[in-house]
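Asker: Questions regarding the structure given below will be posed in turn.
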Amino acid sequence: MMMYEPPHPGEILREEFLKPLNLTVTKLAESLGVSRKNLSTILNERTGISAEMAIRLSKAFGTSPELWIGMQKEYELYEAMKHEKDLNVVKVA
């Protein structure tokens, strides 16, 4: 198990980008070329960052797609590891 609980990428996007830059959801959605609803589901942590969204965010903020995908991967793996003991898997070899 990882040593800390990684934040959802939507939280990072909201707290580290939207708020400091005084961006509205509508303005950022327009800049990214996505719907406000689509962006809101990420910001409200109901859905994750897709590879395409990672590219869009990297272009908008001058970051790398790997940054966003890495955050998503860490978040998803942490969440899955919480339920590792519930997985019924038989070792093959």
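Laboratory data are not the source of any read-out in this text; all were calculated from the coordinates shown. Being a predicted model, the structure only gives us computed values, none of them experimental. Ideal geometry is used to build each Cβ from the backbone, glycine not excepted, and the neighbour counts take in all protein chains shown.
Asker: Sorting Leu39, Leu77 on the 10 Å Cβ count, fewest up front, what's the list?
Answerer: Details: Leu39 23, Leu77 12.
Taking fewest neighbouring Cβ atoms as first place, the list is Leu77, Leu39.
Asker: Size of the dipole of region 9-86 about the Cα centre, Lys and Arg at +1 and Asp and Glu at -1 on the beta carbon, nothing else charged, in debye to 20? Mind showing how you got there, number by number?
Answerer: On the way: 11 positive and 12 negative charges, 79 e Å.
With only Lys, Arg, Asp and Glu charged at Cβ, the dipole is about 380 debye.
Asker: Over 5 Å intervals from 0, what percent of Cα-Cα pairs in region 9-86 sits in each interval?
Answerer: Reading upward from the zero bin: 3, 15, 26, 28, 14, 7, 4, 2, 1.
Asker: Another question about this same structure. Sequence gap of 8 or more, or different chains, plus Cα separation below 22 Å: how many lysine pairs satisfy both in the chain?
Answerer: Lysine pairs, 8 or more places apart or on different chains, close enough: 10.
Asker: Taking Cα pairs under 8 Å and at least six residues apart, what relative contact order does the chain come out at, in percent? If you can, show how the numbers build up before the last one.
Answerer: On the way: 76 pairs, mean separation 32.1, N = 93.
Over the chain, the number comes to 34 percent.
Asker: Can you give the helix-only mean residue ellipticity at 222 nm for the chain, where every DSSP H stretch with n ≥ 4 adds -39500 (n - 2.57) and the sum goes over all residues, rounded to the nearest 500 deg cm²/dmol?
Answerer: Numbers: 5 runs with 48 residues, N = 93.
Mean residue ellipticity at 222 nm (helix-derived): -15000 deg cm²/dmol.
Asker: Additional query: Scan the chain and note any complete DSSP helix (H) whose C-alpha atoms cover at least 18 Å along its axis and whose Kyte-Doolittle average is -1.0 or more.
Answerer: Passing helices, by number: 65-81.
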